[in-house]
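The values are calculated or read from the model by the stated rules, or taken from the named source; none is laboratory data. Computed from a predicted model, the values in this text were never measured in an experiment. Positions of Cβ are generated from backbone atoms using ideal geometry, with glycine treated the same way; all protein chains shown enter the neighbour counts.
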Amino acid sequence: MSEEKAEPAWMADLRSAEGRCCSGFFFDAAALIAPSSGAGSSRYVLTAAHFLREIRGAGAKVRVAYDGTWQWCDSWRLIPRTDLAVLRLPRAAAFDELPRLGSRVLWPGTRFTAGGFGATSTLRWRAGVFLFPMPWVASRGLSTRVTHGGYVAAWPRAIPGDSGGPVLVRGEVSAMQSMIFDPLGFNAGIAVVARIRPYLRAIRAAVLELASSASGNGEAAP
């Protein structure tokens, strides 16, 4: 899979019924279940849990746009103790290629490419470097908490709506964009990511749980 591809079909632009926005991406769920396999289609999207936590009530749903089309989704699971969430769409989407969730350790100095839609539904890619890991990071007010997180620097700066976008290292998704570091409201070009590797088993469990249930959303089993 090429990181240089401008607009990969597997990128997803998420919108709530109230107009809130977030980024996300389809991933190769089949490879999580049987590592030797791969898939040309997927109905599973990884995104930021903090986006979904604010979507509550009966009939809660998210509009997921990708590759010139879209679907409504009302079925997801939040991964405990981090900012990752898995959605299951009503219909599978076909792709020529799908990113795999990486098991690579992120070391300080690791270079990456990250993508996100911001608030404009226009996909932007940025180059960056992983600065250092953090065992626990929280937003102001502690509404978003990330264990096994890390700080990154990237240019152009990440902006609201980029949360949920992939952090690609050598063609694999090694982390997901989570929060902007903005002391006193100034975007310093530093952001927090949620690392994927420590939660591969939890993501796999969420996929299996969603596959066995008709619909609904909430916290995944720890």
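Here are some notes:
Yes or no, residue by residue, for (1) farther than 24 Å from ARG88 by Cα; (2) touching a Gly at 6+ places or on another chain (Cβ under 9 Å):
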{"residue": "THR113", "(1), (2)": "yes, yes"}
{"residue": "PHE130", "(1), (2)": "yes, yes"}
{"residue": "ALA153", "(1), (2)": "yes, yes"}
{"residue": "GLY164", "(1), (2)": "no, yes"}
{"residue": "GLY185", "(1), (2)": "yes, no"}
{"residue": "ILE190", "(1), (2)": "yes, no"}
{"residue": "ALA194", "(1), (2)": "no, yes"}
{"residue": "GLU209", "(1), (2)": "no, no"}
{"residue": "SER213", "(1), (2)": "no, no"}
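- Among the residues examined, ARG77 does not qualify as among the charged types (D, E, K, R), farther than 20 Å from GLY40 by Cβ and without any contact (Cβ under 8 Å) to a residue 40 or more places away in the chain.
- All positions within the range 124-136 that are surrounded by 15 or more Cβ atoms within 10 Å (Cβ to Cβ) and either at pLDDT below 90 or within 20 Å of ARG170 (Cα to Cα) (or both): ARG124, TRP125, ARG126, GLY128, PHE130, LEU131, PRO133
- Selection status of GLY141, touching a Gly at 6+ places or on another chain (Cβ under 6 Å) and either within 16 Å of PHE27 (Cβ to Cβ) or not assigned by TED's automatic domain parsing to the domain that holds PHE51 (or both): no
- Within the range 97-110, the residues that satisfy the criterion of being in contact (Cβ under 8 Å) with a residue 24 or more places away in the chain, assigned to a loop (DSSP other than H, G, I, E, B) and under 13 Å from ALA175 (Cβ atoms) are PRO99, GLY102, SER103, ARG104, VAL105, LEU106, THR110.
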